[in-house]
Amino acid sequence: MVSLLWYFWIYSFLGWLVELTFAAASRSEDRRRRCLLLLPLCPVYGLGMLAVLALPPMGWLGQVAFGGLAATAVEYVYHWAGERFLGVRFWDYAQVPGNLRGRVCLPFALAWGLLAAAALRFVQPGAEILASEAAPALTYACLLFFTMDAISSLWFLRTTGDLSEMRAAWPF
């Protein structure tokens, strides 16, 4: 169970890096891809990879196909929950071809599949080592700080409904 927590944090952090890189490469006006108030984590990536890790072992093509489907399903539910319970839209794919209610789209589903397969092959072995060697005290401290940040972030979004203000709260 502790390993799953570390996988969630590792992939959430890597997802935050992907978001920063994508924002820079696409010259996005919104370069601050914040998902939490303090921590550099994008939980949708962590949840998506947990869904991918729950899949049975399969070949590379299966990982791309089913990994993309699993991550896209998580992305859809995450976006729906953000709209329903927090009153925010974390992203909008309405202008992207092959979108479903602006929450998910075919080009990103394909990208998630490729990223999932690459993560399983190149990142997961290191994540397993890191998770197995993390000291219990470090895990508890990280869990405490993450929980505080997650609750504060949810409260902030529920109260203000303003994702841009939360993104402006930190320089990255």
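The values are calculated or read from the model by the stated rules, or taken from the named source; none is laboratory data. Nothing here was measured: the structure is a model prediction, and the numbers come from that model. When we count neighbours, we look across all protein chains shown, and the Cβ atoms used for this are built from the backbone with ideal geometry, even at glycine. The area values use the complete protein model at the heavy-atom level, side chains included, leaving out ligands, DNA and RNA. Shrake-Rupley method; radii C 1.70, N 1.55, O 1.52, S 1.80 Å.
Just a few scattered comments:
- Residue-count net charge about W9 - beta-carbon cut-off 15 Å; Lys, Arg +1, Asp, Glu -1: -3
- For the chain, C105, C142 have no disulfide-compatible partner, since no other Cys C-beta lies under 4.7 Å from theirs.
- For the chain, complete DSSP H runs whose alpha carbons reach 30 Å or more along their own long axis and whose mean Kyte-Doolittle score is 0.5 or higher are 2-25, 60-81, 136-160.
- Heavy-atom accessible surface of the chain, averaged per residue, reaches 57 Å², computed with a 1.4 Å probe.
- Furthest towards positive pole of dipole, V104, S164, A94, structure part the chain, Cβ charges: A94
- Orientation-averaged projection of segment 118-172 equals 5.6 nm² [convex hull of Cα atoms, one quarter of hull surface area].
- Protein heavy-atom surface of the chain, 1.4 angstrom probe: 70% of the accessible area is carbon and sulfur, with nucleic acids and ligands not counted.
- Cα gyration tensor shape of segment 71-124, rounded if a/c is under 1.5, else prolate or oblate by comparing a/b with b/c: oblate
- Bins of 5 Å from zero: percent of alpha-carbon pairs in the chain: 1, 8, 15, 21, 21, 17, 11, 4, 1, 0
- Net charge dipole, segment 1-127: roughly 120 debye, given to the nearest 20, about the Cα centre with Cβ charges of +1 for Lys and Arg and -1 for Asp and Glu.
- Computed from the Cα positions only, the extents of segment 1-93 along the three principal axes stand at 39, 29, 24 Å, in decreasing order.
- Largest-first ordering by accessible area, 1.4 Å probe, given options Y11, Y45: Y45, Y11
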